[in-house]
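Everything below concerns the one structure shown next.
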Amino acid sequence: MNTYSARAHVRVDSPAGLLATIPHLLGFTPADSLVVLGVTSEGRVPGTFRYDLPDPPDATTAAEIAGHALGVLVRQNLPVAVVAGYGPGTRVTPLADAFRAAAPTSGVRLHDVLRVEDGRYWSYLCTNPACCAAEGVVFDPAADPASRALTAAGLGVLASREALAATIGPVTGADADAMRQATAQAERAADLLIARKGPDALIRPGLAVVRASIRLYREGRSIVPLIGYAWLALTLRQLQIRDDAWARMDPLHQVSHLRLWTDVARHAQPGYIAAPASLLAFTAWQGGDGALANLALDRALADQPDYSLALLLRDVLDAGTPPTLATPPMTPEEVAESYTTSGQSPARREESSPASQPRPGENEAPGETAAT
């Protein structure tokens, strides 16, 4: 069986080897989690997604999780699945039972259903004591050749989902104090500009700062001084500027864009986080990192619970839509034309831009799914 990402491709032939790859595919060591791997008919593993274990255990919730996961696998044309629950048997077994009950009618074959706890794993499908002892099989994920190969390829593992969330969390200490001052300065400059030139006064300078920032990061540089982050985050509240930035998210530059929006989302102050965090989620999804994408959406929706782009992306990720479909819905030229021909001031538009409208059937195409 082959597990792979955009940066690595390894072959595994045992449950221990497969379990050793899961933390690398997620980006963190799972706990209290159910992880589902979607497998192609050729034995490749392009799809990985994660659920929290229900607490307390609940048969109805377990059936809903199994139904959702199997539905995603069917839509993505992934006929085989490996299911791994991380936690005590009282919480994992109801999910294992739900998958075994639902899989036969879904058309998805369960290659294995595993439980992992305290450095051991158990199989719900294997009954051979020679390979699946009742006391569990001891394994060391970090020592497995597959894990070493993925680490060497740059797919490191953080200790937990919380540790991953911290990588996109807000700056603290002196940086946070400086950003509050920079944001206040940017707000004063914006107010003066609007007072002199009207409600659309931020559009032209905002579009310019988006283009300059994207170019800067594609060249391997960063924004300095901090007022640059504050000004970019402020102007992104204009939908035309946000949509123009979204339209420029060429997947060929995904790594550079991910670094840009991580930096902006971390520096953005409350009230200005939703747009850069949503763009961060989009670029994380482009890279197949659904875990990071969902964490970015958590930040966006905590800042603005009704932010339409974040809600749209959450629906897309929940549906298991593959990263191969993570392309901007419009070009920069189409974005500009849509705002020019709308007959409405871009600064006064409702939070429902042309670019944020889903395209019919776009969630149905096959391809890689993202870890959630």
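Every number here is computed from the coordinates shown, using simple stated rules; none is lab data. In this text the structure is predicted, and so the values were computed from the model without any measurement. Note that each Cβ is placed from the backbone with ideal geometry, even for glycine, and that neighbours are counted across all protein chains shown.
For segment 134-181, which positions are of a type in the set (Ser, Thr, Tyr) and closer than 24 Å to residue 231 by Cα?
167, 172
Say we look at segment 15-61 and pick out the residues that are of a type in the set (S, T, N, Q) and in a strand (DSSP E or B); which of these is surrounded by the fewest Cβ atoms within 10 Å (Cβ to Cβ)?
Across segment 15-61, the extreme among qualifying residues is 33.
Can you confirm whether segment 319-330 contains a residue that is of a type in the set (A, V, I, L, M, F, W, C), surrounded by 21 or more Cβ atoms within 10 Å (Cβ to Cβ), in a helix (DSSP H, G or I) and in contact (Cβ under 8 Å) with a residue 24 or more places away in the chain?
No, segment 319-330 has no match at all.
Filter segment 156-174 for residues that are outside any loop (DSSP other than H, G, I, E, B) and on the phi < 0 side of the Ramachandran plot; which is farthest from the chain's Cα centre (by Cα)?
174
Looking at this structure, is residue 186 surrounded by 13 or more Cβ atoms within 10 Å (Cβ to Cβ), of a type in the set (A, V, I, L, M, F, W, C) and under 29 Å from residue 69 (Cα atoms)?
Spelling it out, it is not the case that residue 186 is surrounded by 13 or more Cβ atoms within 10 Å (Cβ to Cβ), of a type in the set (A, V, I, L, M, F, W, C) and under 29 Å from residue 69 (Cα atoms).
Give segment 240-249 a look and list any residue that's touching a Leu at 6+ places or on another chain (Cβ under 9 Å), assigned to a helix (DSSP H, G or I) and not acidic (Asp, Glu), or say none.
Within segment 240-249, 240, 241, 242, 245, 246 qualify.
So is residue 88 within 20 Å of residue 320 (Cβ to Cβ), surrounded by fewer than 21 Cβ atoms within 10 Å (Cβ to Cβ), in contact with a strand residue (DSSP E or B) (Cβ under 8 Å, 6 or more places away or on another chain) and not hydroxyl-bearing (Ser, Thr, Tyr) or not?
It is false that residue 88 is within 20 Å of residue 320 (Cβ to Cβ), surrounded by fewer than 21 Cβ atoms within 10 Å (Cβ to Cβ), in contact with a strand residue (DSSP E or B) (Cβ under 8 Å, 6 or more places away or on another chain) and not hydroxyl-bearing (Ser, Thr, Tyr).
Does segment 210-223 contain at least one residue that is buried (at least 20 other Cβ atoms within 10 Å of the Cβ), under 28 Å from the mean Cα position of the chain (by Cα) and without any contact (Cβ under 8 Å) to a residue 40 or more places away in the chain?
yes
Any idea which residue in segment 182-200 is nearest to residue 225 (Cα to Cα), counting only those that are touching a Leu at 6+ places or on another chain (Cβ under 8 Å) and in contact (Cβ under 8 Å) with a residue 12 or more places away in the chain?
Narrowing segment 182-200 to residues touching a Leu at 6+ places or on another chain (Cβ under 8 Å): 182-183, 186-187, 190, 193-194.
After this cut, where a residue has to be in contact (Cβ under 8 Å) with a residue 12 or more places away in the chain as well, the list is 182-183, 186-187, 190, 193.
Working: 182: 9, 183: 12, 186: 12, 187: 16, 190: 17, 193: 21 Å.
Going through the qualifying residues, I end up with 182.
Taking segment 118-154 as the region of interest, how many residues are on the phi > 0 side of the Ramachandran plot and surrounded by 10 or more Cβ atoms within 10 Å (Cβ to Cβ)?
3
Return the residues of segment 250-298 that are surrounded by 24 or more Cβ atoms within 10 Å (Cβ to Cβ) and not in a helix (DSSP H, G or I); say none if nothing qualifies.
The answer is 268, 272, 273, 288, 289.
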